[in-house]
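S.K.: Before I ask anything, here is the structure I am working with.
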């Protein structure tokens, strides 16, 4: 059984786009002739909260992934090979395991390997042994 350290990926495109939205809404708030529209304040607060959650998730304690013969175990959550529809790898080495009958990848199944290129090779070998499709493309995931 192979064991590797993983963490939640930092989706830099998401963070940058949310920062730009926050700036735009903040300028709109400032240029509103001295009135404080509570809707805009609420939107800015929500966007800042989303950014905080994404960045905080990146810096929390690393998790462990185990590769069995026909299973993957991520922090106690065991997935059978037959339960995984496909594996996505995007350009920044973020990896997503898409379960069967799901449209998008749950955040708990998104990760990147910490300081280990061998982890990615082991994942690719495991997927090949278990006939799981691998796609190297950007994928949808929960925030």
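The values are calculated or read from the model by the stated rules, or taken from the named source; none is laboratory data. All values reported here derive from a predicted model rather than from experimental measurement. Neighbour counts run over all protein chains shown; Cβ positions are idealised from the backbone, glycine included.
S.K.: Among the listed residues 69, 52, 22, identify the single one that is modelled with pLDDT of 85 or more and not in a strand (DSSP E or B).
M.R.: One residue alone meets the criteria, 69.
S.K.: For segment 72-84, which residues satisfy the criterion of being part of a strand (DSSP E or B) and under 14 Å from residue 107 (Cα atoms)?
M.R.: Passing the criteria: 74, 77.
S.K.: Which one is farthest from residue 72 (Cα to Cα) among residues in segment 85-130 that are assigned to a loop (DSSP other than H, G, I, E, B) and in contact with a helix residue (DSSP H, G or I) (Cβ under 8 Å, 6 or more places away or on another chain)?
M.R.: Among them, the one singled out is 92.
S.K.: Oh, and also: Scan 141, 57, 102, 135 and give me the residue that is more than 17 Å from residue 6 (Cβ to Cβ) and either surrounded by 15 or more Cβ atoms within 10 Å (Cβ to Cβ) or at pLDDT below 90 (or both).
M.R.: 102
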